[in-house]
Amino acid sequence: MFSMRATISIPAGLAYGENEALPDSPGSPDVRIAIANMVHSFPGGVAALAKRSGVSANSLQHKVNLNNDTHHLKVDELQRLLRASGDIGPTQALAAMQGHVCIRINPVTPTSLLDGQARLLDSVAELSRAVRDAGESGMPVTKTLIRRAEFHLGELLGNANALVSVLRARMPRHEGYTK
């Protein structure tokens, strides 16, 4: 027999009044470390990523130095670095600070609720097969097997997101409705 439990998650920005202190949360050092790792692990190093993203290599070196408190990345610079590197580590760290997760999804557009459900179930099966295949042999799991499982996880989450979007689109709109 299954039992259902309700959980309520309220973002800190909505849960506290304007005069109340926000609770402690994992701090920004994780984000700064993720940014430094993204920059320094890029093939060709700081200079290559700087060139690819259109920022000064010297300035970037200072901005990602964990011992430097005077130089900081601007949001648009971080966006260019993320796009140029393809590394989502800093985005994942920011999301985690707020109690969220961030992974790459593969966007899909179901044609109906039934199509959305079928795609969702197919993606559950594909992820299950990828995990089974990776663990079944008893051999060490390779990066290729991990990438396959991550791909199918992205498919699953993309399909789940798309299915809810199709459902949301069928909701009647009322005057003054904003979401």
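The values are calculated or read from the model by the stated rules, or taken from the named source; none is laboratory data. This one's a predicted model, so the numbers in the text were calculated from it and none came from an experiment. Cβ placement follows ideal geometry from the backbone for every residue including glycine, while neighbour counts extend to all protein chains displayed.
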Completion exercise
When Asp76 is run through (1) farther than 29 Å from Val55 by Cβ; (2) in a helix (DSSP H, G or I); (3) not basic (Lys, Arg), the failure sits at (1)
Fill in the blank from the handout: Picked from the stretch 135-156 (must be assigned to a helix (DSSP H, G or I) and β-branched (Val, Ile, Thr)), the residue surrounded by the most Cβ atoms within 10 Å (Cβ to Cβ) is Ile146
Handout entry: Where a residue in the stretch 164-175 is within 13 Å of Asp115 (Cα to Cα) and its partner, wherever it lies, is of a type outside the set (D, E, K, R), with Cβ under 6 Å and at least six apart
Key = Val166/Pro110; Val166/Leu113; Val166/Gly116
Handout entry: Hey, Ser59 more than 21 Å from the chain's Cα centre (by Cα) and surrounded by 12 or more Cβ atoms within 10 Å (Cβ to Cβ) or not
Key = yes
Problem - From the options Gly158, Gly154, residue that is touching a residue at least 24 places away in the same chain (Cβ under 8 Å), touching a Lys or Arg at 6+ places or on another chain (Cβ under 7 Å), of a type outside the set (S, T, N, Q) and within 30 Å of Pro90 (Cβ to Cβ) - result: Gly154
Problem - Inter-residue pairs, beta-carbon under 8 Å, first under 17 Å from Ile35 (Cα atoms) and in the stretch 86-110, second aromatic (Phe, Trp, Tyr) and at pLDDT 80 or above, 6+ apart - result: Asp87/Phe42
Completion exercise
Within the stretch 121-179, residues of a type in the set (S, T, N, Q) and within 21 Å of Val101 (Cβ to Cβ) come out as Ser123, Ser128, Asn159, Asn161, Ser165
Handout entry: Failed criterion for Arg132 (all others in (1) modelled with pLDDT of 90 or more; (2) surrounded by 14 or more Cβ atoms within 10 Å (Cβ to Cβ); (3) farther than 30 Å from Leu60 by Cα hold)
Key = (2)
Exercise for the section: State all residues of the stretch 152-163 that are of a type in the set (Gly, Ala, Ser) and over 16 Å from Ser112 (Cβ atoms); if no residue qualifies, say none. Expected result: Gly154, Gly158
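Yes or no, residue by residue, for (1) surrounded by fewer than 12 Cβ atoms within 10 Å (Cβ to Cβ); (2) in a helix (DSSP H, G or I); (3) modelled with pLDDT of 95 or more:
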| residue | (1), (2), (3) |
| --- | --- |
| Arg83 | yes, yes, no |
| Thr91 | no, yes, no |
| Ile105 | no, no, no |
| Val108 | no, no, no |
| Thr111 | yes, no, no |
| Gly116 | no, yes, no |
| Glu126 | no, yes, yes |
